[in-house]
Every structure is written in structure tokens, then in C-alpha cells.
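What follows is a short report on a single structure.
The values are calculated or read from the model by the stated rules, or taken from the named source; none is laboratory data. Please read these numbers as outputs of a predicted model, since none were measured by experiment. Cβ sites come from the backbone with ideal geometry, for glycine too, and all protein chains shown count toward neighbours. Side chains included, ligands, DNA and RNA excluded: accessible areas come from the protein's heavy atoms. Shrake-Rupley method; radii C 1.70, N 1.55, O 1.52, S 1.80 Å.
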Amino acid sequence: MIETNRLDYKKDLEEVAVMFDGGDAVKVAHTQQTIGNTFIDEYLVDGTLYRFKNERVTSGLLELKRFEKRFSKLGLYSIFKQRFNAQFEWGALTGIRPVKMAYSALDFEKEFKEVFDVMPKKIELVKDIIETQRGLIDKNSEYDGLFVGIPFCPSRCTYCSFISSEIAKEKNIDEYINCLVKEINEGLKLLKNPRSIYVGGGTPVALKNEHLIAVLTALKPLLNSIKEFTVEAGRPDAINSENLKILKDFGVTRICVNPQTFSNKTLELIGRKHTAESVIEKYYLAKSYGFDINMDIIAGLTNESFLDFKNTVDTVIKLSPDNFTVHTLCLKNGSKLKEQESRLREGEITKMIDYARLKASENGYNPYYLYRQKYSASNLENVGYSKKGKECIYNIDVMEETSNNVACGANAVSKLVIPSENRIERYGNPKNIATYIQKIDEIIKSKRELYN
Ligand SMILES: C[S@@+](CC[C@H](N)C(=O)[O-])C[C@H]1O[C@@H](n2cnc3c(N)ncnc32)[C@H](O)[C@@H]1O
Ligand code: SF4
């Protein structure tokens, strides 16, 4: 429970508090004031006053605000760290994009270690990712990515908080696809230097073939200019030879066949409605069409032990996909899991994440992109691993925010990157499908204004 005179970043302070088990129940009264280059933060915590004074020369208002927030968060982190006698691998870093932050720091290793208390193994991980990304991103060039969102799934998985509805219950699919195609047609005009397409979800292949074809047909004009075309096919129970053939015929180069886990017991518990065996069957089927394949797995799923997770990693490695992505379970509003549990059991999650990294490196996979999410177990990260030369460029561009992203569909967020001003402008489409359909013309107009 935080009271602060800085309402503009109260949420960020609360985020620091919830990292600690019981931290959100501690009463904190915080004030921050800036006098010239001096930042003074005071915290009254259960009758004890803590005072921090930091000095920093900043260039302009944006940077000043960034440092006000940073020092306030760091002060609270150090009080709670002592109080709860806790330690986190990412220390006080709470942002989604540590690699992007590393790129912009003068000496990131020093800053991560000395300012943010980040452990050496995570600094090494960031260094490895920067090494993999060398030559794949160009911070001075302006590429564009195109995202297309299909927010429908065969059923809802218990842990998932993405906006996605059960396809059999959705009444507006025809209208949604019509609007999406209209938005894509207009979106194509906003792309100056496209290099990747990502059709994500949800579960794109849960669509009827005619709907899938309508979306892919709209994307056809881009095929000659892009390097990579991903469809996050996703759930093995929705993948079949018909939709795989359609994807192949329309120029898709990369798809996801996601196990999440290879334990049938867990798959049932999390509502996946497919088996471990069917993942393997669909993986080989997809491979026979010549796609690059990614597999998503999650560490920390309900009731899973280290051995369950180890088996999942070992099975993925044996199948040898081009990429695999290791997520740390996070607990978010909008998921069934959040209704059942208020906090995640940490269990052996750190051991799981370390094991995945070790096995990846032993088997020729490099970490190539990383992001963190709020409310994830032990504040750990999600990492994409890839065989050399098979990295998903779209994932890198989106995570490091080095390219514009024209995003279509409900809940899609378009981004215009302005490197000269070190800032990004965004436009978010409505989350709700009915609202998206109703406002499609307004959405198209606003996006045109963003990019022109
Ligand atoms: C947008 S989802 C789409 C994937 C596809 N529908 C599927 O389930 O196979 C992308 C990935 O996010 C991950 N994910 C979703 N919810 C998560 C959560 N609460 N914690 C950690 N990872 C999560 C899963 O690994 C999932 O494959
Ligand atoms: S994890 Fe995938 S299939 Fe499951 S509800 Fe989320 S988006 Fe749908």
C-alpha cells in the first residue's frame, strides 16, 4: 500500500513492492523532490524514515522524469530487499526490455551490476543476446514489421491472459475477418520498408480455412519484399494438413507448434485439449512442409516439478526445432489461474530456467531475444533460443523496438519508432471484438495519421 506525491509513477512503485512476497501489504508513504540535479526520496515505512539523495545531470525533461522514477524505485527496492532479506536475479530491474536498456546504457554491465543489483549470470545472458543480435538489427535503419492478430482459440488455457475467445462461441467472426482484411489493405500502404510479417494469436489456424485464406490473400502483395513470414499456428489440436498446405501455398516460412509442456497430466490441468504425443505428430507433419518451426514452453506450470520441466526441455531438444521459447509462468488478471491463486508458488523455477539455458547452449542454440513480464514467477524472464541463422527477425525487432510495427486486429498496438528523438508513438486498437468491428474506420484513420 503505497502513498506517494508522484502519482504519475505510483504504479511503478507498486510493481517493486509486489516483487516481494507480502510487499504489497506494507504501508509506505513516499515523497520525491528534485532540486536542480539532486533527487531526494523519503519513505516512511512502519514508523521508520528512510532518506536517499542522488545526484545526476540530465539532458531535458524526458530524461529528468526517467531518473526521478528510477531513483524512487531503487530506494524502495533497497528498503524492501533488506526488510524481506530477498534477492532477485534481475535485482531492481523491472522493465520489460533489459536488452534494449543495455543497448542504450553507456556501460551496461557496470550499470546493471552496481545500480540495479543484477546478478552476473543475467548480465552474461544479455551479453550473449547482444552477440546473437549482431548483424541482425540495425538501429539506424527503418524497417517495418506487420502484425496481424487472430484472437480466437479452440479453448482457453487456464494460465492465459491474452484477449482471445473460444472460437465456437464467437458470433462475429465473419465481420471480424472482413474488418481485419480492410485494415490490412490500408496497413500495407503504411509500410515503407517491410521485412517481416507475424500472424499471431490466439490461434490463427483455429480459423475456418476460408477465413485463413482471406487473411493470407490480403498479405500476398508483401511476399516479394519480406524476409520472413510467421504464423503462430500454435495449438497442435488446431493444426492439420489442410491448413498447413494453405500456409505453405501462401508463402508462410515459419510456424509455431507449441507444446507448453510434454506432461499429459499438466496439459489436461491447464486446459490445452491436446496430448504430448499429438505435439510430436504435428511437429513432424509441419516439418514435412518445410517450415522453420518454433516451440513455446512454460516453466512453472501448475503442479510441475523440475523433472517434468526437464523432460519438456529434453524432448524439445530431441525434436530439434529451429527455435524454442522458454516462458516463465506469469499470473495475470484475465486468466483462470489468477481466479484460483493470488500468488505463484515459486518452487524450482530458477533451476528450471537455468536448465533450459544450459541445455540450449549445449545443443547449439543461442539466446536471441528476451523479455520480461510483470507478475512472473521469481521475476524471471522469457527467452527465445535459436539455431544459428534461424533467429526470428520479427521477434528481435519488436523486442528491441528497432523497427516500426504496423499492427492490425483487436488489441493490436501499432508503433512508430522515432530514433532521432529517442521515442516511440503508439496507437492501440480496441480490445473488444465488437468495438473493433464498430470502430474500424476510425482505427484506420488514426493509424494513417500516426504514420503520415
Ligand atoms: C499469445 S500465446 C499464443 C500461442 C498459441 N495460442 C498457443 O497457445 O500455442 C504465446 C505464448 O505465450 C505464452 N504464455 C501465454 N500465457 C502465459 C503466461 N500466463 N505465462 C507465461 N507464458 C504465457 C505461451 O507459451 C504461449 O505459447
Ligand atoms: S495459450 Fe494460446 S491457445 Fe491457450 S488461450 Fe492463450 S492464446 Fe489461446
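Here are the numbers for this structure:
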quantity: Lone qualifier among 199, 205 - being within 16 Å of ligand 1 (Cβ to nearest atom) and closer than 28 Å to residue 423 by Cα; calculated: 199
quantity: Breaking point among (1) closer than 18 Å to residue 193 by Cα; (2) open to solvent by 70 Å² or more (accessible area, probe 1.4 Å), for residue 432; calculated: (1)
quantity: Extreme residue, surrounded by the fewest Cβ atoms within 10 Å (Cβ to Cβ), among residues of the range 394-408 that are out of contact with any Gly (no Cβ under 6 Å at 6 or more places or on another chain) and under 15 Å from residue 99 (Cα atoms); calculated: 401
quantity: Qualifying residue in the range 139-149 (condition: assigned by TED's automatic domain parsing to the domain that holds residue 236, within 16 Å of ligand 2 (Cβ to nearest atom), among the hydrophobic types (A, V, I, L, M, F, W, C) and more than 20 Å from the chain's Cα centre (by Cα)); calculated: no
quantity: Odd one out for residue 286 among (1) under 24 Å from the mean Cα position of the chain (by Cα); (2) touching a residue at least 40 places away in the same chain (Cβ under 8 Å); calculated: (1)
quantity: Enumeration of residues in the range 209-229 that are in contact (Cβ under 8 Å) with a residue 12 or more places away in the chain and open to solvent by 20 Å² or more (accessible area, probe 1.4 Å); calculated: 209, 213, 214, 217, 220, 221, 223, 225, 226, 227
quantity: The lone exception for residue 337 - which of (1) hydrophobic (A, V, I, L, M, F, W, C); (2) closer than 30 Å to residue 269 by Cβ; (3) out of contact with any helix residue (DSSP H, G or I) (no Cβ under 7 Å at 6 or more places or on another chain); (4) open to solvent by 10 Å² or more (accessible area, probe 1.4 Å) it fails; calculated: (4)
quantity: Matching option when the condition is open to solvent by less than 70 Å² (accessible area, probe 1.4 Å), under 30 Å from residue 238 (Cβ atoms) and touching a strand residue (DSSP E or B) at 6+ places or on another chain (Cβ under 6 Å), among 150, 129; calculated: 150
quantity: Residues within the range 71-84 that are open to solvent by less than 60 Å² (accessible area, probe 1.4 Å) and in contact with a strand residue (DSSP E or B) (Cβ under 9 Å, 6 or more places away or on another chain), tallied; calculated: 8
quantity: Residue check for residue 221: touching a helix residue (DSSP H, G or I) at 6+ places or on another chain (Cβ under 7 Å) and near ligand 1 (Cβ under 10 Å from one of its atoms); calculated: no
quantity: Any hit, the range 205-221, residues being modelled with pLDDT under 95 and not in a helix (DSSP H, G or I); calculated: no
quantity: Verdict on residue 114 being open to solvent by 80 Å² or more (accessible area, probe 1.4 Å) and either in a strand (DSSP E or B) or modelled with pLDDT under 95 (or both); calculated: yes
quantity: Which numbered condition residue 302 fails, given (1) more than 16 Å from ligand 2 (Cβ to nearest atom); (2) under 30 Å from residue 432 (Cβ atoms); calculated: (1)
quantity: Count of the range 349-400 residues which are under 11 Å from residue 324 (Cα atoms) and without any contact (Cβ under 8 Å) to a residue 12 or more places away in the chain; calculated: 0
quantity: Residue in the range 143-158 that is farther than 30 Å from residue 387 by Cβ, at pLDDT 95 or above and outside any helix (DSSP H, G or I) present; calculated: yes
quantity: Residue in the range 368-385 that is most open to solvent (accessible area, probe 1.4 Å), counting only those that are within 16 Å of ligand 1 (Cβ to nearest atom) and over 12 Å from the mean Cα position of the chain (by Cα); calculated: 375
quantity: The range 298-324, residues that are farther than 11 Å from residue 353 by Cα and β-branched (Val, Ile, Thr); calculated: 302, 312, 315, 316, 317
quantity: Residue identified as within 11 Å of ligand 1 (Cβ to nearest atom) and touching a strand residue (DSSP E or B) at 6+ places or on another chain (Cβ under 8 Å) among 316, 326; calculated: 326
quantity: Breaking point among (1) open to solvent by less than 20 Å² (accessible area, probe 1.4 Å); (2) touching a Leu at 6+ places or on another chain (Cβ under 8 Å); (3) closer than 17 Å to residue 372 by Cβ, for residue 122; calculated: (2)
quantity: Residue selected from the range 161-203 under the condition assigned to a helix (DSSP H, G or I), within 16 Å of ligand 2 (Cβ to nearest atom) and hydrophobic (A, V, I, L, M, F, W, C), by the criterion farthest from residue 335 (Cα to Cα); calculated: 173
